[in-house]
1. Of the residues LEU23, LEU19, only one is of a type in the set (A, V, I, L, M, F, W, C), in the same structural domain as ASN143 (by TED's automatic domain parsing), touching an Asp or Glu at 6+ places or on another chain (Cβ under 9 Å) and open to solvent by less than 20 Å² (accessible area, probe 1.4 Å); which?
2. What is the number of the single condition among (1) open to solvent by 10 Å² or more (accessible area, probe 1.4 Å); (2) within 16 Å of ligand 1 (Cβ to nearest atom) that TYR438 does not meet?
3. Mind checking which residues of the stretch 341-359 are touching an Asp or Glu at 6+ places or on another chain (Cβ under 9 Å) and open to solvent by 20 Å² or more (accessible area, probe 1.4 Å)?
4. Which ones in the stretch 395-415 are within 22 Å of ALA114 (Cβ to Cβ) and buried (at least 21 other Cβ atoms within 10 Å of the Cβ)?
5. Against the definition (closer than 25 Å to PHE447 by Cα and assigned to a loop (DSSP other than H, G, I, E, B)), how does ARG209 come out, yes or no?
6. Among the candidates ILE183, ILE177, ILE148, single out the residue that is within 16 Å of ligand 3 (Cβ to nearest atom), under 30 Å from TYR271 (Cβ atoms) and out of contact with any Pro (no Cβ under 6 Å at 6 or more places or on another chain).
7. If you take just the strands (runs of 3 or more DSSP E) that sit entirely in the stretch 97-182, which of them hold at least 3 residues that are open to solvent by less than 10 Å² (accessible area, probe 1.4 Å)?
8. Which ones in the stretch 223-247 are open to solvent by 40 Å² or more (accessible area, probe 1.4 Å) and in a helix (DSSP H, G or I)?
Amino acid sequence: MQEIKKYVEENKQRFLDELFELLRFPSISADPNSKEDVLKASEFVAEKLKAAGADKVEVCPTAGNPIVYGEKIVDDTKPTVLVYGHYDVQPADPLDLWKTSPFEPTIRDGKIFARGACDDKGQFYMHIKAFELMLKTGSLPCNLKFMIEGEEEVGSVNLGAFVKENKDRLKADVVLISDTSMISLETPSLETGLRGLSYLEVEVTGPNRDLHSGVYGGAVANPATILCKLIASLHDENNHITIPGFYDDVQSLSETEREMLNQAPYDEEEYKKDLGVDELWGEQGYTTIERTGIRPTLEVNGIWGGYTGEGAKTVLPSKASAKISMRLVPDQQSDKITALFKKHFESITPEYVKVKVTAHHGGEPVVTPTDSVAFKAAEKALEESFGKKPIPTRGGGSIPIVALFEEVLGIKTVLMGFGLDSDNLHSPNEKYDIANFYKGIETIPLFHKYFAELSK
Ligand code: BES
Ligand code: MN
Ligand code: MN
């Protein structure tokens, strides 16, 4: 541990400078205008992997954004860890809400502010630096493979094919990912599951053109009003989702499992204060921890229609739309839930409008094992570097590829995230604590050490 700390101490500034360089690429996978920066970011990652000492480094083209691969095989008889991360980021808008420019990383209060600071550039880069550290200090105890992709934020649409075509190359004993949250630096934790996702778009059409709201209003159904009614009906008075069959495959946890989960520190007053809300909302009968971890949800991500510009325009819009996502839990299946939603939404649409439901990307929920050698190694690593045993939690977010690693490669994942839920992922002013960045670089070599030791 002393040697690890020493190396980090001596290279602190360079580690940060390199991360800043990476953060300056606006590698927004959702934005076709960012193609150039996406490529530059992938080349930067490849270059840094090479510089750290990886072999067979390759920027692998796909039908979309490239996947960066690299490896270090020290000994065929030793276990192999596959590190996964993503160099693409979410769009930065609304830009005017950023205190400093999203692609010019800035330190305030010991935190790095930039799009991707936490999700996921700041987190996967720790693995490249930890790898460098282990090689330079002669302490790499196992084989290491890296796969850093550029389309996670748009559903990893081309990664599945890559994984299927590269089964041999990606062979490993465990997948290690830092792209999730921990409770805090004082309270380390490990996520033991991720929710799945169904994402759809609905479009409600009324009259064949926008109408004068005074001349026609009152005589023709307003698609915006109808859309709001339809959406509102998707939750009942207890905030349960009303789609028939929606809960059929939901695994319920035992009382003991629920009690365990609720032991994680959680201060409701703090939570409300941080978010600026007076009251919380959610499915009756469940705590906030359960609502965001083990229960499925339905959210409107965006809604539009009619006049949304400045001032007032009197208009009865022809169309209104919304983007709707559902977070899924085991054993719900994305395709099945998408189909149930579509069928239900179409069936409740009244005859005075038409509706079109289009599916976007999805992903399956996962639960990761807590009795595996790899999970124990992660627990030991966190305990040693934080001085406290980590608490197992269930994550609310999704990383669709995790289910695929299991299905295609037969490899389980350890989610060793160092972000915080309050790091403003996908929001303005995304941040990552510099302390978490360095702590991660110190903890990762311990994971490899214990994983190699416990695998013997
Ligand atoms: N890193 C997040 C997922 C995450 C965040 C998991 C925090 C647990 C805690 C990832 O980059 C992400 O944002 N995934 C998307 C899904 C994807 C299909 C767009 C998500 O969860 O919305
Ligand atoms: Mn991420
Ligand atoms: Mn994300």
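1. Details: LEU19 fails: touching an Asp or Glu at 6+ places or on another chain (Cβ under 9 Å).
Just a single option satisfies the conditions, and that option is LEU23.
2. (2)
3. Taking the stretch 341-359 as the starting set, the residues that turn out to be touching an Asp or Glu at 6+ places or on another chain (Cβ under 9 Å) are 354-359.
Matches in the stretch 341-359: LYS354, VAL355, LYS356, THR358, ALA359.
4. ILE399
5. Working: closer than 25 Å to PHE447 by Cα: no; assigned to a loop (DSSP other than H, G, I, E, B): yes.
The answer is no for ARG209.
6. Values: ILE183 fails: within 16 Å of ligand 3 (Cβ to nearest atom); ILE148 fails: under 30 Å from TYR271 (Cβ atoms).
Just one listed residue meets the conditions, ILE177.
7. 143-149, 174-177
8. Step one: list which residues in the stretch 223-247 are open to solvent by 40 Å² or more (accessible area, probe 1.4 Å), which gives 225, 228-229, 232-233, 235-238, 240, 242, 244, 247.
Selection gives THR225, CYS228, LYS229, ALA232.
The values are calculated or read from the model by the stated rules, or taken from the named source; none is laboratory data. These figures come from a predicted structure and were not determined experimentally. Using ideal geometry, Cβ is built from the backbone for each residue, glycine included, and neighbour counts are taken over all protein chains shown. SASA here: full protein model, heavy atoms, side chains in, ligands and nucleic acids out. Shrake-Rupley method; radii C 1.70, N 1.55, O 1.52, S 1.80 Å.
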